[in-house]
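The values are calculated or read from the model by the stated rules, or taken from the named source; none is laboratory data. No experiment lies behind these values; they were computed from the predicted model shown. Cβ coordinates were reconstructed from backbone atoms using ideal geometry, including for glycine residues, and neighbour counts include every protein chain displayed. Note: accessible area is taken over every heavy atom of the protein model, side chains too, but ligands, DNA and RNA are not part of it. Shrake-Rupley method; radii C 1.70, N 1.55, O 1.52, S 1.80 Å.
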Amino acid sequence: MEVTGKVQVEGGTVQVEGAANKESLLKRGWILLGDRNWAEAKRCFERSLDIDPEYAEAYLGLCMADLQVSERTSLSHTSPRFKLPRDKNYINAIRIGSDALKAELKEYHRIQRQNAEESERKYEEHLAREQAEREANIERLRSVREKWAAFARRISAEGGNTVAVKSDGTVLAVGNNQWNKNCVSDWTDIIAVSTDNVTLGLRDDGTVVVTGDKHDVSSWRNIAAVFVSNSDLVGLRRDGTAIHMGIVGDLKNDISEWTGAYRYLS
């Protein structure tokens, strides 16, 4: 360390007038902290400790410079990631500081811990609110889907035509009437429809009707849902089994072994 000033020798003691002492270096360090000049502030505190290795206030200054805070009270508002008791300079200030300084630093740590706990509590509450809102939204969507599911089975549009079930169980059809697939004016007691190259209707009693004369579904019983794709007809029975009528010999449509299918309709 460079020492400047006027040197006098009295009784074997060297006195340096005008040289920096630990107090002046500490004051300079506080000023530099206020200017947010962290590097120069650290140098001042380190020089102060060169003079007095047990200068608690200088350790406190180093702690503040490391955490980049310019006010002592700001130590209580530092990030919870920087736990004060883990900082070596904070530990040294506590270890060798006066009772007043120890009490002051411990209070900063208490407030920091309290703030961290409060932040954690608010974060957990935020997560809980988000989860509750997510679950409530899922429930709202489920309710809407359940309502629309009934309508989805009561209207179908495919193959250039649209069919819909009226509230009295009759059916309306518009659009492409190729193969007479829109000839549904005499249907009654219908609760669901599906259309493509043909139109399939499900009656309330579980029987089925179909347009045209290419398919005979008069033997279908206990049907819970119907679906048409091109000229392939599928019915799901209430016991969970399925029945298919369409392209003969196409193994991809062999659904005779299906069981438990009805639960997917709810």
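Observations
- Those lysines that a straight Cα-Cα span of less than 22 Å connects to K181, excepting residues fewer than 8 apart in one chain: K166, K214
- Subset of K88/K122; K27/K106; K42/K88 violating a 21 Å alpha-carbon distance limit: K88/K122; K27/K106
- A simple spin-label model places pseudo-atoms 7 Å from Cα toward Cβ; at L127 and V144 they are separated by 2.8 nm.
- Gyration tensor (alpha-carbon) shape descriptor, region 31-88, a/c threshold 1.5: oblate
- Cut-off 13 Å between beta-carbons: net charge of the residues surrounding K214, Lys and Arg +1, Asp and Glu -1: -3
- Ligands, DNA and RNA left out, the accessible area of region 183-241 computed with a 1.4 Å probe is 42% carbon and sulfur.
- Protein-only accessible surface order, largest first, of K88, K181, K102 at 1.4 Å: K88, K102, K181
- At most 10 other Cβ within 10 Å, DSSP loop - GluC sites (Glu not before Pro), region 99-190: none
- Surface analysis of region 133-188 yields an accessible area of 71 Å² per residue, using protein heavy atoms and a 1.4 Å probe.
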